[in-house]
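The values are calculated or read from the model by the stated rules, or taken from the named source; none is laboratory data. What you are looking at is a predicted structure, and each value in this text was computed from that prediction instead of being measured. Neighbour counts run over all protein chains shown; Cβ positions are idealised from the backbone, glycine included.
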């Protein structure tokens, strides 16, 4: 039973990783790409780590620690990259609305 759950989690993680690659290719600008990469990398990695926990029970505690670390740090890294891209005036796609520009100009 644990092998079936492990393989299902592996398929889940691989599916989200592939969707992330497609998102990186198809998205128009760096901000949309970061959104796709940030969300999908967290889900894909956690799926692969859950698969490792089911398939290799002796490393479950290490996998839980890695998953917790990933869930806490991957979104922070994506936010830092997006903030740096915005501050360096990386252009937005034409279809994207910039709600932050007015607030940045006021401060």
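Observations
- Scanning region 31-60 for residues that are surrounded by 18 or more Cβ atoms within 10 Å (Cβ to Cβ) and either over 15 Å from the mean Cα position of the chain (by Cα) or outside any helix (DSSP H, G or I) (or both) returns 50, 51, 52, 53, 54.
- Residue 15 vs. criteria under 30 Å from residue 93 (Cβ atoms) and surrounded by fewer than 18 Cβ atoms within 10 Å (Cβ to Cβ): yes
- The listed residues are 75, 91, 28, and the only one of them that is modelled with pLDDT of 85 or more and not in a helix (DSSP H, G or I) turns out to be 28.
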